[in-house]
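Peer 1: This is the structure I have questions about; it appears just below.
The values are calculated or read from the model by the stated rules, or taken from the named source; none is laboratory data. Computed from a predicted model, the values in this text were never measured in an experiment. Backbone-built Cβ (ideal geometry, glycine too); neighbour counts: all protein chains shown. Accessible surface areas use protein heavy atoms only, side chains included; no ligands, DNA or RNA. Shrake-Rupley method; radii C 1.70, N 1.55, O 1.52, S 1.80 Å.
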Amino acid sequence: MVDFLNLRRVNAPHEAALEAAQLRVLRSGWYILGEETAAFEAEFASYCGVRHCIGVANGLDALVLILRGLDIGAGDEVIVPANTFIATWLAVCQVGARPVPVDPRPGTGNLDPDQLQAALTPRTRAVMPVHLYGQPAEMDAISAFAARHKLHVIEDAAQAHGARHRGTRVGGLGVAAGFSFYPGKNLGALGDGGAVTTNDDELAQRIRTLRNYGSRAKYRHEVIGVNSRLDELQAAMLRAKLPALDGENAARARLAAQYMKGLADVAVELPTIAAHCEPVWHLFVVQVDDRARVQQELSARGIGTMIHYPIACHRQPAFAGQTWPALPASERLQDRILSLPISPVHTPQEIDTVIAALAQIAGPRRGTPA
């Protein structure tokens with residue numbers, strides 16, 4: 001049996017450090033916006049190579065607060081990928097702006113920069129690329145487009161902790177980035193958590209104020225803010241796990257390379273890596289024909305899989321009745337993508353089991369000798 005993801009197993013190597021962190025917070029008597037959060041913010045900012053990290057309640061809030069900090073709202077448009085988790089779109093909607101979707105490149109699943117021009121209108125204020133599955137978006141082309149049209153670039157880095165583009169970690173490639181620390185992420189808390197990273201001093205201060213009821217000084221509220229603060233317990237847990245992140249990402253990369261080699265002659269479409277990108281393989285996503293049958297047969301052999309994501313955002317019931325452009329690449333992906341097991345604690349033997357099973361179920365790639 002090969003689980004898709006076993007969080008108990010993922011966290012087991014950190015158990016002693018997590019228990020010590022929990023006890024440290026308990027004994028401190030300070031549980032919100034204390035020393036643990038401040039320390040994690042400094043450590044994660046340093047890790048990402050940026051000046052500021054602001055801990056917030058979750059990844060969705062991180063994106064919403066960036067948009068609010070940039071005064072993006074009603075009447076504005078934000079270009080987003082059609083192929084993403086719905087939080088990317090919800091953040092834009094929550095500030096009253098409109099998401100304008102563009103199709104992905106099929107090989108990476110990431111936003112296709114060649115589609116940006118057609119999505120541009122006089123109301124466009126920002127582009128929000130997602131570093132989907134742990135692979136950085138094509139930031140050179142996206143940033144050049146944004147610069148030509150005086151747009152903000154906001155990174156959705158929820159799946160890409162530690163990924164690099166041209167040697168620079170995500171989190172500092174745009175005006176700001178939103179991270180999620182949902183438990184299943186490469187850097188996962190033991191509950192919800194998120195962060196904003198930025199090199200913009202003024203924006204950082206605005207987001208710090210917004211996340212804390214619009215207040216910088218107790219009981220003095222300068223703007224209409226929200227309550228979205230990374231709590232001390234989750235900050236301490238993240239501090240305990242952050243030193244191991246690069247090693248765990250390297251373990252994921254080794255397993256991804258094993259998949260790439262082992263499935264090279266199998267009738268599946270493997271992910272491609274964009275130029276200048278170093279993925280962290282939050283997910284390993286292949287494309288298959290007759291996915292329902294393939295997934296069912298893998299499950300019958302005790303191999304867990306998932307689909308990220310089975311319904312493209314513009315097809316979600318939440319957006320029913322709205323008019324969207326034709327998005328054929330996204331709609332094709334939603335019917336063919338299949339996420340295979342990958343985590344820092346999966347073994348090479350387990351990955352070999354998945355490869356062998358998938359080879360039998362999907363068969364050889366067309367043109368491959370039997």
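Peer 1: I'd like the full set of residues that are under 20 Å from the mean Cα position of the chain (by Cα) and surrounded by fewer than 23 Cβ atoms within 10 Å (Cβ to Cβ), limited to the stretch 142-156.
Peer 2: Passing the criteria: S143, H152, V153.
Peer 1: Hey, does the stretch 339-356 have a residue that's open to solvent by 10 Å² or more (accessible area, probe 1.4 Å) and either over 29 Å from A244 (Cβ atoms) or at pLDDT below 95 (or both)?
Peer 2: Yes, the stretch 339-356 contains a residue that is open to solvent by 10 Å² or more (accessible area, probe 1.4 Å) and either over 29 Å from A244 (Cβ atoms) or at pLDDT below 95 (or both).
Peer 1: Residue under question is R332, and the condition is that it be basic (K, R), open to solvent by 50 Å² or more (accessible area, probe 1.4 Å), under 18 Å from L132 (Cβ atoms) and without any contact (Cβ under 8 Å) to a residue 24 or more places away in the chain; does it hold?
Peer 2: Spelling it out, it is not the case that R332 is basic (K, R), open to solvent by 50 Å² or more (accessible area, probe 1.4 Å), under 18 Å from L132 (Cβ atoms) and without any contact (Cβ under 8 Å) to a residue 24 or more places away in the chain.
Peer 1: While we're on this one: For the stretch 175-234, give me the residue count where each residue is more than 19 Å from E36 (Cα to Cα), touching a residue at least 24 places away in the same chain (Cβ under 8 Å) and of a type in the set (D, E, K, R).
Peer 2: Summing the residues that are more than 19 Å from E36 (Cα to Cα), touching a residue at least 24 places away in the same chain (Cβ under 8 Å) and of a type in the set (D, E, K, R) in the stretch 175-234 gives 4.
Peer 1: Ok, one more. Among the residues of the stretch 98-124 satisfying the criterion of being open to solvent by less than 70 Å² (accessible area, probe 1.4 Å) and assigned to a strand (DSSP E or B), which is farthest from V288 (Cα to Cα)?
Peer 2: Taking the candidates together, the pick is T124.
Peer 1: Every residue in the stretch 210-224 that is more than 14 Å from A62 (Cβ to Cβ) and either surrounded by 20 or more Cβ atoms within 10 Å (Cβ to Cβ) or among the aliphatic types (A, V, I, L, M) (or both), please.
Peer 2: N212, A217, V223, I224
Peer 1: For a quick check of your reading of the model, give me the residue pairs whose first member lies in the stretch 294-314 and is free of Cβ contacts under 8 Å to residues at least 60 places away in the same chain, whose second is part of a strand (DSSP E or B) and of a type in the set (S, T, Y), with beta-carbon atoms closer than 9 Å and at least 6 apart or on different chains.
Peer 2: As it stands, the answer is I307/S339, since those pairs meet every condition given.
Peer 1: A follow-up question, please. Collect the residues in the stretch 166-199 that are assigned to a strand (DSSP E or B) and either surrounded by 24 or more Cβ atoms within 10 Å (Cβ to Cβ) or among the charged types (D, E, K, R) (or both), keeping them in residue-number order.
Peer 2: Passing the criteria: R169, A176, A177, G178, F179, S180, G194, A195, V196, T197, T198.
Peer 1: Here are the criteria: (1) touching a Gly at 6+ places or on another chain (Cβ under 6 Å); (2) in a helix (DSSP H, G or I); (3) closer than 22 Å to V2 by Cα; (4) of a type in the set (A, V, I, L, M, F, W, C). Tell me which single one A253 does not satisfy.
Peer 2: (1)
Peer 1: Still on this structure: Tell me, which helices (runs of 4 or more DSSP H) wholly within the stretch 1-77 include 3 or more residues that are open to solvent by 50 Å² or more (accessible area, probe 1.4 Å)?
Peer 2: 7-11, 15-28, 35-48
Peer 1: Looking only at residues that are within 20 Å of the chain's Cα centre (by Cα) and among the polar types (S, T, N, Q) in the stretch 66-123, which one is farthest from P279 (Cα to Cα)?
Peer 2: Among them, the one singled out is Q94.
Peer 1: Quick check: is even one residue across the stretch 1-13 within 17 Å of the chain's Cα centre (by Cα) and more than 30 Å from T353 (Cβ to Cβ)?
Peer 2: No.
Peer 1: Tell me, which residue of the stretch 252-297 that is in contact with a Ser or Thr (Cβ under 8 Å, 6 or more places away or on another chain) and surrounded by fewer than 17 Cβ atoms within 10 Å (Cβ to Cβ) is nearest to T353 (Cα to Cα)?
Peer 2: D265
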